[in-house]
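S.K.: This structure is in structure tokens; I'll ask about it shortly.
Only the coordinates and a few stated rules stand behind these numbers; no lab work does. Predicted model, so just to flag it, every value in this text is computed and none were measured. Positions of Cβ are backbone-derived with ideal geometry, glycine not excepted, and every protein chain shown enters the neighbour counts.
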Amino acid sequence: MTSLRRCPDCGTVSRGPRCSGCDATLRDHHGVRGRWPTIATALTRDLIRINLREQWVLLRFLAKWLVLGSVVGVLAGASSSVFLYGLQLVTSARIDTPGLLFGLPLGGLAIGLLYHHVGDRSAAGNNLILDEIHGLAPGMEGEAQVRFVPRRLAPLVLLGTWVTHLFGGSAGREGTAIQMSGSLTDGFSRMVGLGPADRRLLLVAAVSGGFAAVFGVPMAGFVFGLEVRSIGRVRYDAIVPALTAAIIGHLVFQWLDLPHDVTPAYELAPVGLDALLLGKVALAALLFGVASMVFSELTDGFKRAFAALLAYPPMRPFAGGLLVVGLALLVGDDAYLGLSLPLIDASLTGTEVVWYAFALKLLFTSLTLGAGFQGGEVTPLFVIGATLGAALAGPLGVPVALLASVGFVAVFAAATNTPLACTIMGVELFGIGAFPYLAVGCVVAYVFSAHRGIYGAQRIGTPKAPLGGDDPTGTALRDTPRRPPP
């Protein structure tokens, strides 16, 4: 007989009265009996402990979320393809017919009437998706109960964004892709009877799939869905469906191959690690963070101003359309209408762009979106960042293509509080050659943008810095104080 004993709880073979695996108390009747061959067999089995039941549960988990994530990816890729194909058509029509700009106020009125009388909660846009991901339940701050994403959101935002771009509104496209993906995904969740917890995971995957498909950046889209929900916290429980949806969404988009305007990219030459150059990029990133904060605040400020001055919501985009038309005539340049992708190309390639182009694009977009037109903020943020980077490159003595590329992703990182996703996006669009500079730009801009952002429903998971006062953890950005108390 031997003094070796097998723990009845965890199966570990130990010597003495306590289990070395889980510290349970071992009794005499737990002893390993028999001759040395029996004892050797017991010890050998204890070298590698595999719980087959656990592995089976994990296998089922993987299979379930691979299937569900693939469905979300198909919905995201197909809807983004249709959306971008139509967007290219209406953009081409606007460029070929400059007079369409004067129809922007009436287009805004049509969008306003549609959302006011049919939209219900759809006007909340991306914030509606984030609120549903947070899963507001009875007794929690915010909505009285968890509700589904409206099915009508997908066709409304699709039509609204097409109308916005047809008549020259300055807006983006990511918001439309994410909202369509989220609406279609939640409709699928209802159809198959998924519970609230699974619904929220699929909505995270919908964000990843929509973003990956519309910009052609599957890895950045994957991380964006996990990161955008809360500042400072990544949602790892959705990692399988988010990755699956991002990859499948990207592949479906490529397979459909409908004509569309491609997100500008530029292969940066490898840049060695240089302390002085890193310092210059970090200095520029401070201004990228400020630019993102100004954009977020100005857009919200326009929303508040239109709401205060015009009680009837459909009149807000009508009035905003008049102001955008007037601004375009005053500037005398249509480069700031629509997506403004040529400004990105010019910045990345070193073509001359007026130094204040970033400010004009910021003003055009904040006014358009603040008035209630539909579309996203991300592509305009790309434009703002790229043109601001190009303007700063000369004074700072940094290669134009490098700082324009850093600005492209850093302003976006600061406005969405997603530095990891944006760094990955920079690598996917501009290559690995400038990775340290892309990372420094995104991180510094993210920190310096304070607790501000374009998504008011985003919550503070971990504060960026101990700013004093009440702990903001768990607070939505829309509820954070904008100025110190008197």
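S.K.: Modelling each spin label as a point 7 Å along the Cα-to-Cβ direction, I'd like the Leu194/Leu89 distance in nm, to one decimal.
M.R.: Taking the simple label geometry, Leu194 and Leu89 are separated by 3.0 nm.
S.K.: Further question on the same structure: Calculated FRET efficiency, Thr97 and Arg233, Cβ-Cβ r, R0 41 Å, to nearest 0.05?
M.R.: With R0 = 41 Å, the Cβ-Cβ based efficiency is 0.30.
S.K.: Consider just the alpha-carbon atoms of the chain and return their Rg together with their Dmax, both in angstrom.
M.R.: Gyration radius and largest Cα-Cα distance of the chain: 26.4, 97 Å.
S.K.: Among Phe302, Phe83, Leu184, flag the residue with its Cα farthest along the positive direction of the charge dipole of the chain, charges on Cβ as +1 for Lys/Arg and -1 for Asp/Glu.
M.R.: My answer, from the dipole projection, is Leu184.
S.K.: Moving to a separate point now. Evaluate the distance, in nm, between pseudo-label points positioned 7 Å from the Cα of Arg478 and of Leu283 along their respective Cα→Cβ axes.
M.R.: The two pseudo-label positions are separated by 4.0 nm.
S.K.: Pulled fully out, how much extra length does the chain show between Lys64 and Asp333, if you take 0.36 nm times their separation in residues and subtract their Cα-Cα distance?
M.R.: Extra length available between Lys64 and Asp333 comes to 91.6 nm.
S.K.: Can you give the charge dipole size of the chain about its Cα centre, rounded to the nearest 20 debye, using +1 on the beta carbon of Lys and Arg and -1 on the beta carbon of Asp and Glu?
M.R.: It works out to roughly 1920 debye.
S.K.: To continue, here is another question. Apply the Karplus curve 6.51 cos²θ - 1.76 cosθ + 1.60, θ = phi - 60°, to the phi angles in region 447-454 and return the couplings in whole Hz, x for Gly and Pro.
M.R.: Rounded to whole hertz, the list is 5, 7, 7, 6, 8, 10, x, 7.
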